[in-house]
Amino acid sequence: MSSKVESIATPLVRGVLGALSSLGIALAVVVVPALAAQVAGTASSATALDAILISLSVLILGHGGGIVLTTGVVDGAVTLTPFGLLILLMLLSALSMRRVGRALRPVRDDGVLRTGALRDVGSALGMYTLVYAIGLAVLASFGRSTDVSPVVTSAVVSGAMVALVGGLAGLLWSLRREPTQSVPGVRVLELLPAPYGDIARAALTAVIGLLWMGLAAITVMLLLSVPEQASLFDGLAPGIVGGLVLTLVQLALLPLLAVWALTVLLGGTVGVGTSTGISLGGAETGVLPALPILGALPGPGDFPEWTWALMVLPAVPVALGAVRLIRDVAEYERREQIIGWVGYPAAVVIVALLLAGLSTGGIGDGRLVHLGPQMNSLALPLIGVVALTTALVLGVLATPLIPWTRSMVASLRARVEAAERGERSEDAAGQDAPAAEEDGSGTGQDEESDGADGAEEADGAEGADVSDTVDGDDAADAAEQGDEVDGAGETREAPEESPATADSEFRSVLSSALSARTAASAASAQSAASARSAPSAASAPSAQSAPSAQSAPSAPSAQSAPSAPTPSAEADDAEADAWSLDGIDAGDSSQPGSWISRRDR
């Protein structure tokens, strides 16, 4: 029994301790600057107690509660929440419950929730929220004065909301664990069922991007309005400590102005008093509190038409979140994908409207009773930007639009390249046609000159052939006369002989011809003259056209038997060899059958 009581009491006690620690830190955050400003303010008649009471009222406003002023200058309820302080208080709650969650150890080493983990965590969070809300209500009741009266009920509600949201975020943060070799990792959004974890992740990406976009816009406006802010700061003359406190107050209001700037970028209207408004079309402003940071707001007048193009800027983070969602749900079934595609823009719109609603408020009952975004002017443009951007991303990434576009571009490029190649080929053909005609005329002239040159060469060759034929006929006639002297009219048919026998016979014939020419030189000249006039000389074949040894008719010298060897046969053979190398014309040796023709003759 005792173990059960201890298991229940431990989470409750931890929740109570966490709530008290969070309230203590939050109280110090607002009280310390207020006391510092009271001590440094020489011209102020406020006491330290007054500074503490004012700080308690600021703490209620920071949680989203309300206070009532009866100062005579400003009378009525103040409900404008300083977003910077609200974010800080929620962060304190998250850190406190993160420590509680780690102390409770709801997850085992194997990554599974232990038995009773949800009970312990729920009891700790419930006790934390209860104690925090009660403690804030007590502080709100202690903060009453003649000039400022915090609204206790609003303090209880706003305190409970801050404690619940911040504490839940801290508990989820405590579940996160990096993976190791033996223990699996744990991710907070992965604990949600698919595709709701993916929707939350994508919506968180888009909302953070939207807030950064609004912060960037107000930062640019602050940089452009430094002279106006400097003049307002000099008019207040807060001093060193007062200047630090004033700077902290403006930092608390900076996220609020960022949400206002985001509202304008989304196409909505931000009111800065009764019958006033700032939008992309222009600005209508009235009397504002003398805060230097408010000098960044634009003056009255109409804006250029191109300022409406600034609505594209908020579409960028929305598109990034949609791209992440499509990639995360790509492997899911069609039903889960449709849930993600519909749930993502709905979540972004709801969170954006919630932030815009929290940034509204008022100061007193006068002209500043309505401050912040006008919800009726924001809803429609916000839905349009988010829905159209998501639909555009879906049409590009979740449909076959990109592959179809790429194929169409590729086919169009191929057709263009083919047309360009055809034009280049036609241009090249048109440039080559005149050159071809010029080449044809030049070729004809060259051919005519070549034909003339060839005819002259042919005439020269024919003349050379005729002279060679005459020389060959003279040599053949001389050899024939020698053969007639040597043969002495003997005739008989010579059989076919081998090349060796023909060579020996040829040498014998040459030696006989030499001896005959030496013995009767005068007679050979006379016989040569008579041979040119005889019919046998005209019909004798030339050395170039002499028939082969097998088909040509046998000469008289070849028909007669070889003469008997003489004692000087060896000397005659040597002399015949020398004559055959020196005396025979080179033109005869180059012609086929010239040696056989001489032997036959």
Could you tell me whether any residue of region 314-331 is touching a Pro at 6+ places or on another chain (Cβ under 6 Å) and either under 30 Å from residue 195 (Cα atoms) or at pLDDT 90 or above (or both)?
-> yes
If you go through 350, 338, 383, the only one that is over 34 Å from the mean Cα position of the chain (by Cα) and either within 21 Å of residue 67 (Cα to Cα) or part of a helix (DSSP H, G or I) (or both) is 350
Contact list, first residue from region 81-93 and in the same structural domain as residue 27 (by TED's automatic domain parsing), second anywhere and among the hydroxyl-bearing types (Ser, Thr, Tyr) and in a helix (DSSP H, G or I), beta-carbon distance below 6 Å, six or more apart or interchain, is 92/22; 93/22
In the set 136, 88, 92, 80, the lone residue that is in contact with a His (Cβ under 7 Å, 6 or more places away or on another chain) and either under 19 Å from residue 165 (Cβ atoms) or assigned to a loop (DSSP other than H, G, I, E, B) (or both) is 136
Within region 18-28, of all residues that are surrounded by fewer than 22 Cβ atoms within 10 Å (Cβ to Cβ) and in contact with a Ser or Thr (Cβ under 9 Å, 6 or more places away or on another chain), the one nearest to residue 138 (Cα to Cα) is 27
Of (1) crowded, with 16+ Cβ neighbours inside 10 Å; (2) under 18 Å from residue 59 (Cα atoms); (3) over 52 Å from the mean Cα position of the chain (by Cα); (4) among the hydrophobic types (A, V, I, L, M, F, W, C), residue 142 satisfies every one except (1)
Those residues of region 252-287 which are part of a loop (DSSP other than H, G, I, E, B) and either buried (at least 22 other Cβ atoms within 10 Å of the Cβ) or in contact with a Lys or Arg (Cβ under 9 Å, 6 or more places away or on another chain) (or both) amount to 266, 268, 273, 274, 275, 276, 286, 287
When region 187-231 is checked residue by residue, the ones that are more than 20 Å from residue 386 (Cα to Cα) and charged (D, E, K, R) are 187, 190, 228
For this session: Return yes when residue 208 is outside the structural domain of residue 65 (by TED's automatic domain parsing), of a type in the set (Val, Ile, Thr) and at negative phi and no when it is not.
Result: yes
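Would you confirm whether any residue within region 292-312 is assigned to a strand (DSSP E or B) and exposed (fewer than 15 other Cβ atoms within 10 Å of the Cβ)?
yes
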message = So for region 183-197 (the condition being assigned to a helix (DSSP H, G or I) and in contact (Cβ under 8 Å) with a residue 40 or more places away in the chain), does at least one residue qualify?
response = yes
### Query
Is there a residue in region 257-265 that is over 20 Å from residue 213 (Cα atoms) and in contact with a strand residue (DSSP E or B) (Cβ under 6 Å, 6 or more places away or on another chain)?
no
Of the listed residues (116, 126, 167), the one being within 14 Å of residue 96 (Cα to Cα), surrounded by fewer than 18 Cβ atoms within 10 Å (Cβ to Cβ) and either touching a residue at least 40 places away in the same chain (Cβ under 8 Å) or not assigned by TED's automatic domain parsing to the domain that holds residue 103 (or both) is 126
Residue 131 passes all but one of the listed conditions (1) part of a loop (DSSP other than H, G, I, E, B); (2) over 18 Å from residue 188 (Cα atoms); the exception is number (1)
- Using the structure shown, decide if residue 406 is touching a residue at least 24 places away in the same chain (Cβ under 8 Å) and of a type in the set (Lys, Arg). no
Would you call residue 96 in contact with a Pro (Cβ under 7 Å, 6 or more places away or on another chain) and surrounded by 19 or more Cβ atoms within 10 Å (Cβ to Cβ)? no
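The values are calculated or read from the model by the stated rules, or taken from the named source; none is laboratory data. All values reported here derive from a predicted model rather than from experimental measurement. Counting neighbours? That spans all protein chains shown, and the Cβs are built from the backbone with ideal geometry, glycine included.
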